[in-house]
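What follows is a short report on a single structure.
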Amino acid sequence: MGDMARRQGFMATVARMQREAARAEAARQRAQAAGQREAARAQAAYERSVAADERERKRLYGEARAAEAVAMNEAIAQRIAELDSILISGLGRNTRFSVDKLKQPAEVGPFDLGAAGPVEPAPRPEQFMPPPLTGLSKLLNAARHEEEVRQGQMAYQQACAEHARREQGRQARLAELQRRHSERAAVVMEQARQQHAEVDAFKRELAEGRPQAIVAYFDLVLTAAEYPEGLPEQWRLAYVPESAQLVVEYELPPIDVVPTAKNYRYVKTSDSITETARPATQIKAQYTSVVGQVALRVVRDILTADADRQVATIVFNGMVSTIDAATGRPVRPCLLTLRTTRETFSELDLARVEPAACLKHLGAGVSRNSAELVPVRPVLEFTMVDPRFIEESDVLGELDQRPNLLEMSPTEFEGLISNLFARMGLETRQTRASRDGGVDCVAYDPRPIMGGKVVIQAKRYRNTVGVSAVRDLYGTLQNEGASKGILVTTSGYGQASYDFAKNKPIELLDGANLLFLLKEHAGIEARITAPEGWHDPRPDSTSPSTGTDPAPQPDELRNGQNVRVTGGLLRFDFALPSPEHDPCALLLGSDRQVRADTDFVFYNQPASPDGAVVLDASGKSIQIDPSRLATDVSSVLVVTSGPPGSVRLTVTERDGTVRALLSDADTETVLICAELYRRQGAWRLRSVGQGYADGLAGLARDHGVAIS
């Protein structure tokens with residue numbers, strides 16, 4: 001029994017152990033299964049996270065690419081907006097350039113002590129003395145202390161001597177540095193003085209109307225202008241003083257300034273940004289608009305900057321430098337050409353115009369297809385504005401070798417003109433000297449279709465040719481049944497002449513053009529210089545009833561036009577709209593101000609102190625003798641005051657030349673009819689035709705007259 005019991009107990013223990021082992025194994029398996037499940041869940045979560053991250057990455061990438069396309073579309077829209085606003089964006093700018101801005105300040109810089117500083121402090125006696133004795137030490141160490149004091153005094157004296165030597169050296173270095181700094185400052189100040197003097201000289205030349213100064217000034221004006229990026233800012237300028245004409249040859253942008261893409265779109269399936277091309281018609285229209293806006297903007301900027309009204313007429317030739325697709329060679333066609341006056345252009349409201357319509361109104365020549373570079377003929381070739389004539393250069397060695405067109409005999413001048421046009425391909429059939437010293441010629445252009453009979457008239461004048469000469473040419477052209485008329489002069493033309501010739505088969509060639517043509521086609525280097533005592537001949541016309549010369553008809557000066565006068569006594573006769581009108585005159589200095597109240601000539605003060613300006617007792621005429629005006633008088637304003645109306649002014653020179661000026665006032669009660677002013681040592685007459693609605697108060701305010 002006992003053994004059986006022991007066996008049963010043992011077996012129970014083994015069974016229990018087996019159950020516990022089985023339970024442990026089951027727990028282990030359960031734990032393992034749970035771990036595997038957790039790992040599977042973690043793996044699944046990770047895979048889901050990776051998939052989500054990939055989707056997010058793809059979403060973000062797609063959004064970035066789409067945003068890239070949006071940004072490209074915004075850049076196109078911004079570029080088109082810039083091109084559309086070339087003209088409008090410049091209207092708010094005052095383009096007048098202050099010449100004083102060219103003056104560079106004298107920047108000397110602060111004085112640097114360098115090796116001469118800072119100042120070394122002087123030695124102090126206490127730095128070398130032993131500390132004082134106290135208490136019992138006064139008795140025990142007195143002798144030693146006295147020796148230390150004596151040694152300290154000697155050390156202090158030696159330190160003072162060494163400090164003095166070092167300070168003396170520092171003072172010497174300081175004096176040398178100051179000398180060098182003063183020399184540098186003197187050089188900088190002298191350079192600044194010279195540069196300021198050059199700027200002041202430029203201002204004087206500009207006020208005197210020197211062509212080179214005027215060209216330089218407007219070059220500064222155009223340089224300061226801001227245009228959209230990619231537009232070439234290149235130009236050439238020339239100024240013709242005889243007609244106050246500024247010629248601008250301006251470089252236009254090529255057609256690729258217009259974006260060729262209309263818009264961009266991101267395509268997700270191919271992961272690419274596709275371009276929609278801008279239609280060719282839109283590109284051409286946009287480019288034509290850019291060309292027109294640039295032309296109007298340049299003319300506007302120049303006339304706005306011209307505070308002294310040096311420019312009465314402006315010629316704009318818009319050129320583009322590109323490659324001819326047919327030949328592969330560089331070409332530079334003219335796509336737009338324009339001649340306009342200050343008066344005509346000032347009537348435009350540029351904020352509301354459509355460029356193409358505005359240019360048509362101004363009579364501009366515009367390429368019929370700018371995109372295809374179809375050229376137009378410039379109203380005036382830039383190369384024909386000969387600088388020798390414009391700048392009146394005085395190169396004595398060369399001057400004596402060139403024939404002077406104003407010194408030739410009528411026969412020599414006739415031969416010269418005949419030779420010129422023969423070299424240009426015309427067949428001269430009839431040539432005769434005109435009574436005014438020029439040439440009348442009937443010639444034939446042998447070219448088929450484009451050729452025909454040509455009437456040529458050449459005038460040897462110093463002053464501006466009046467519009468009457470152009471009218472006479474047109475009459476002769478019609479009487480002869482000619483297909484074209486050419487008027488050549490050694491001087492220039494006013495705007496009235498260009499206006500009359502507009503849209504007529506008439507070509508006007510001024511002195512600069514004539515010099516160019518003589519050199520280009522006849523190989524003749526010529527010059528135009530008025531001999532001493534030269535007077536322009538009277539017009540070649542006779543009275544139909546008597547066969548005698550009629551009284552000279554006045555040449556009309558339009559507002560803004562100016563001509564040179566002889567400098568002798570001038571008589572200004574007024575045709576006034578009412579007895580309430582009073583003529584007067586103001587003598588002005590270079591600052592456009594009267595020097596004193598006595599420079600205001602009117603009915604209560606009928607003469608200037610020097611007697612150069614006199615108001616006639618009748619109150620209807622003013623006499624001005626430029627030779628008697630003081631050297632500090634730069635100009636004389638001829639003025640009327642009274643109710644608004646039309647005032648006609650007739651100006652008679654000493655040699656009998658008569659000019660007529662017409663001024664109209666709608667609201668102005670004071671009119672500046674004319675201005676006599678100095679330029680390059682000579683006197684010129686300008687028709688003004690502007691005034692003040694607030695009467696004499698406005699005139700006095702602008703020119704410094706005290707009116708009680």
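The values are calculated or read from the model by the stated rules, or taken from the named source; none is laboratory data. No experiment lies behind these values; they were computed from the predicted model shown. Cβ sites come from the backbone with ideal geometry, for glycine too, and all protein chains shown count toward neighbours.
Numbers at a glance
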{"item": "Looking only at the range 107-138, and only at residues there that are in a helix (DSSP H, G or I) and either in contact with a strand residue (DSSP E or B) (Cβ under 6 Å, 6 or more places away or on another chain) or touching a residue at least 40 places away in the same chain (Cβ under 8 Å) (or both), the one that is surrounded by the most Cβ atoms within 10 Å (Cβ to Cβ)", "result": "A116"}
{"item": "Looking only at the range 585-601, and only at residues there that are crowded, with 17+ Cβ neighbours inside 10 Å and not small (G, A, S), the one that is nearest to D200 (Cα to Cα)", "result": "L588"}
{"item": "Number of the exception - I622 against (1) out of contact with any helix residue (DSSP H, G or I) (no Cβ under 9 Å at 6 or more places or on another chain); (2) surrounded by fewer than 20 Cβ atoms within 10 Å (Cβ to Cβ); (3) not small (G, A, S)", "result": "(2)"}
{"item": "Near pairs, Cβ below 9 angstrom, 6+ apart or cross-chain, from the range 174-186 (of a type in the set (K, R)) to any residue that is outside any helix (DSSP H, G or I) and surrounded by 13 or more Cβ atoms within 10 Å (Cβ to Cβ)", "result": "R184/V108"}
{"item": "Residue satisfying condition, being outside any helix (DSSP H, G or I) and either buried (at least 21 other Cβ atoms within 10 Å of the Cβ) or in contact (Cβ under 8 Å) with a residue 60 or more places away in the chain (or both), within set L514, L487, L477, L473", "result": "L487"}
{"item": "D632 being loosely packed, with under 15 Cβ neighbours inside 10 Å, at pLDDT 90 or above and not aliphatic (A, V, I, L, M)", "result": "yes"}
{"item": "Filtered residues of the range 63-109 (kept if more than 21 Å from the chain's Cα centre (by Cα), farther than 23 Å from P228 by Cα and β-branched (V, I, T))", "result": "V108"}
{"item": "Those residues of the range 494-528 which are among the acidic types (D, E) and over 28 Å from R686 (Cα atoms), in sequence order", "result": "E520, E525"}
{"item": "Identity of the residue in the range 428-465, in a strand (DSSP E or B) and among the basic types (K, R), that ends up modelled with the lowest pLDDT", "result": "R432"}
{"item": "Identity of the residue in the range 649-696, in a strand (DSSP E or B) and acidic (D, E), that ends up farthest from A530 (Cα to Cα)", "result": "D664"}
{"item": "Given (1) modelled with pLDDT under 80; (2) surrounded by 10 or more Cβ atoms within 10 Å (Cβ to Cβ); (3) of a type outside the set (K, R), index of the condition Q104 fails", "result": "(1)"}
{"item": "Residue within the range 73-95 that is at positive phi and not assigned by TED's automatic domain parsing to the domain that holds L303 present", "result": "no"}
{"item": "Among residues of the range 364-408, those that are part of a loop (DSSP other than H, G, I, E, B) and either modelled with pLDDT under 75 or in contact with a His (Cβ under 6 Å, 6 or more places away or on another chain) (or both), counted", "result": "10"}
{"item": "Enumeration of residues in the range 261-304 that are small (G, A, S) and more than 30 Å from T95 (Cα to Cα)", "result": "A261, S270, S272, A277, A280"}
{"item": "Test for L222: is it within 30 Å of I323 (Cβ to Cβ), in contact (Cβ under 8 Å) with a residue 24 or more places away in the chain and within 10 Å of the chain's Cα centre (by Cα)", "result": "yes"}
{"item": "Hits in the range 528-537 (condition: modelled with pLDDT of 80 or more and either farther than 25 Å from G425 by Cα or outside any loop (DSSP other than H, G, I, E, B) (or both))", "result": "none"}
{"item": "Cβ-Cβ under 6 Å pairs, at least 6 apart or on other chains, the range 139-152 side in contact (Cβ under 8 Å) with a residue 12 or more places away in the chain, far side not basic (K, R)", "result": "H145/L133; E148/P130; G152/F128; G152/M129"}
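Results for (1) within 27 Å of P375 (Cβ to Cβ); (2) assigned to a helix (DSSP H, G or I); (3) in the same structural domain as R462 (by TED's automatic domain parsing); (4) touching a strand residue (DSSP E or B) at 6+ places or on another chain (Cβ under 8 Å), shown as yes or no for each residue.
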{"site": "P232", "(1), (2), (3), (4)": "yes, no, no, yes"}
{"site": "E249", "(1), (2), (3), (4)": "yes, no, no, yes"}
{"site": "K284", "(1), (2), (3), (4)": "yes, yes, no, no"}
{"site": "V298", "(1), (2), (3), (4)": "yes, yes, no, yes"}
{"site": "D301", "(1), (2), (3), (4)": "yes, yes, no, no"}
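Listed here are the residues, each with its yes/no results for (1) under 24 Å from Y498 (Cα atoms); (2) at pLDDT 95 or above; (3) small (G, A, S); (4) surrounded by fewer than 22 Cβ atoms within 10 Å (Cβ to Cβ).
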{"site": "Y239", "(1), (2), (3), (4)": "yes, no, no, no"}
{"site": "V247", "(1), (2), (3), (4)": "yes, no, no, no"}
{"site": "L252", "(1), (2), (3), (4)": "no, no, no, no"}
{"site": "T269", "(1), (2), (3), (4)": "no, no, no, yes"}
{"site": "E275", "(1), (2), (3), (4)": "no, no, no, yes"}
{"site": "A280", "(1), (2), (3), (4)": "no, no, yes, yes"}
{"site": "A285", "(1), (2), (3), (4)": "no, no, yes, yes"}
{"site": "V299", "(1), (2), (3), (4)": "yes, yes, no, no"}
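Per-residue answers, yes or no, for (1) in contact (Cβ under 8 Å) with a residue 12 or more places away in the chain; (2) outside any helix (DSSP H, G or I):
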position	(1), (2)
R48	no, no
D53	no, no
R59	no, no
R79	yes, no
E82	yes, no
G90	yes, no
Q104	yes, yes
